[in-house]
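The structure appears below as structure tokens.
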Amino acid sequence: MWSWDVAADVLPLLLRGLWVTVQAVFWGMLLALALGLVWSVLRRSRRRVLAAPASAAVEFVRSTPLLVQLYFLYYFVLPGCGVPPSAFLTGVLALGMHFSCYTAEVYRAGIDAVPRGQWEAAAALNLTRLQTYRHVVLPQAIPPVIPALGNYLIAMFKETPLLSAITVVEILQRALNYGSEHFRYLEPLTMVGLLYLLVSLSAAALVRRLEAWARLENA
Amino acid sequence: MTDSLRRADGNPIVRVRGLYKSFGGVEVLRGIDADFRRGEKVAIIGSSGSGKSTLLRLLMTLERPDAGAIEVDGERLWTMRRKGREVPANEQHVRRVRGKLGMVFQHFNLFPHMTVLENVTAAPRIVLGLSAAEATARAHRWLGLVGLDDKVDTHPARLSGGQKQRVAIARALAMEPKVMLFDEITSGLDPLLVGEVLNVLRDLAHGGDVTMLLVTHRMDFAREIADRVVFLDAGRILEQGEPEDLFRSPRHDRTRQFLASIR
């Protein structure tokens, strides 16, 4: 019952959808990496006015489902801010924000592993706290946590079908559209699964190489 | 208290008045008063827990005192004058005063992701804004002084303990502080490697006008280079004086016991 003709017919559509997915993950991950770092630094601030709201925000985002955040951003927050609603942009924003709360934890573990003596040496050399982060702490904290960050890259990739809920036509949505038009679901959905597998495995390989490179750099 | 600070004789580079510090209910410093003259080499001795490391850490601003005042080169560490009143110091003020101090730690605390050269040039470039060329020239000068000019491209992990500590000394000196704080810098070293670090300190003590405050267990070395020895006991300065006097004829039983215990 598997038809190679159907498979060949649907593949270009799926690849176009995959490209949307990959772009969403790329920008989403970039945002998650940057924002996560901001959260973890803010949470460590000695100023409570900075640390407390950051902690609250992270807890809030981590304790609510991504799907709800997507709807909320798409229908209320962005329109409320006067931003013209773009499903793709909303998706990137939601993915980035949601996963930044997980990357923040990863960064925290990395920063915690840097010995206190490093902070003290930097203070004795009169570096500010931000200079200490940038030149002393983060270069030591980040390489060991690259694998953990990479896991969230793959996790994010696997969450992207949720974006179809706010009308982003990513790969799964393409497959479902094709299915409802042609009454054929087997080939599109199977191929979606295979393409996900392919991308996840290559991403995992990429992370492993990055990890090996970081280890060498730090040796 | 401000008056007693102003009246202190001479022109000390570091003045400490009424310094108190507790950790978790344990009083580590219980009222320290001391003056350190410009260029003076002072050995701070005492049993473990007497507060000697804490005193250095307070001077370096790694800890904040519970009470009391520290003045470096005429400026208070944690307060500043504004409109004729003492107000809590802002970040800028603390950093300016802190810039007059440098510290070397027992466990080196070199930056493992940087080469020896980068360890020594980092702070002058980042904090003082020196160009790469200026900072490198300065680093070579200090690394030359500690005898490690040939190790510039090495990472700290490949150095011996003694070499690490010499790099740490060069790193602190490259910021050209007026006061150098040495916190048991030979205690973590293989006995065979202590000599090379002490040699560097000796050169520094004889050559420079930098004020040196050393927390040490090496009484022989204290006797050799210190102008003054300060004995700390249970968070207070119990006794101080020239090394010869203090070591030969301590006035207090506690000092005598301590000196006997470490021989």
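Coordinate-derived values only; no laboratory data. Everything numeric in this text was worked out from a predicted model, so none of it was measured. For neighbour counting, all protein chains shown are included, and Cβ atoms are generated from backbone atoms with ideal geometry for every residue, glycine included.
For the peptide A:124-134, the mean number of other protein chain Cβ atoms found within 10 angstrom of a residue's Cβ is 6. Using the average count of surrounding beta-carbon atoms within 10 Å as a protection proxy, the listed peptides B:159-172, A:10-23 rank, highest first, as B:159-172, A:10-23. If I build a Gaussian network model for chain A, linking alpha-carbon pairs within less than 10 angstrom, which residue out of A:Ser100, A:Ser200, A:Ser45 has the largest mean-square fluctuation? Result: A:Ser45 has the largest fluctuation of those listed.
Computed over the Cα atoms of the protein assembly as shown, pair by distinct pair, the Kirkwood hydrodynamic radius stands at 26.5 angstrom. Put one equal scatterer on each alpha carbon of chain A, apply the Debye formula with no solvent term, and list log10 I(q)/I(0) at q = 0.10, 0.13 1/Å to two decimals. Debye curve over Cα of chain A, log10 I(q)/I(0) at q = 0.10, 0.13 Å⁻¹: -0.55, -0.84. Which of B:Val229, B:Gly51, B:Thr136 sits farthest toward the positive end of the charge dipole of chain B, with +1 on the Cβ of Lys and Arg and -1 on the Cβ of Asp and Glu? Projecting each Cα onto the dipole axis, the largest value belongs to B:Gly51.
For the pair B:Asp149 and A:Ala34, label points projected 7 Å from Cα toward Cβ lie 4.6 nm apart.
FRET efficiency for B:Arg64 and B:Arg236, Cβ-Cβ distance as r, R0 = 22 Å, nearest 0.05? Don't skip to the end; give the middle numbers.
On the way: r = 20 Å, r/R0 = 0.89.
Computed FRET efficiency for B:Arg64 and B:Arg236 comes out at 0.65.
Between B:Ser249 and B:Asp227, the distance separating the two model label sites (each 7 Å from Cα on the Cα→Cβ line) works out to 2.4 nm. Model label points for B:His206 and A:Phe26, set 7 angstrom from Cα along the Cα-to-Cβ axis, are 6.5 nm apart. When chain A is treated as a GNM with alpha-carbon contacts under 10 Å, the residue of A:Arg46, A:Arg184, A:Arg174 showing the greatest mean-square fluctuation is A:Arg46.
With all projection directions averaged, the alpha carbon convex hull of segment B:71-162 covers 7.7 nm².
On a per residue basis, the convex hull of the C-alpha atoms belonging to chain B measures out at 141 Å³. The aspartates and glutamates within cross-link reach of B:Lys21, meaning a Cα-to-Cα straight distance under 12 Å and a gap of 8 or more places when in the same chain, are B:Glu63, B:Asp66.
Quick one: divide the alpha-carbon radius of gyration of segment A:113-155 by 2.2 N^0.38 Å and tell me what you get.
Compactness ratio reported: 1.40.
Summarise the partner chain shielding of B:109-117 as one whole number: the mean count of Cβ atoms from other chains within 10 Å of each residue's Cβ. It would help to have the intermediate numbers written out before the result.
On the way: counts 11, 3, 9, 8, 10, 4, 0, 0, 0.
Neighbouring Cβ atoms belonging to other protein chains average 5 per residue here.
Averaged over the residues of B:165-174, the number of partner chain Cβ atoms lying within 10 Å of the residue Cβ comes to 1. Of the cross-linked pairs B:Lys41/B:Lys100; B:Lys52/B:Lys151; B:Lys100/B:Lys164; B:Lys52/B:Lys83, those separated by over 28 Å at the C-alpha level are B:Lys52/B:Lys151; B:Lys52/B:Lys83.
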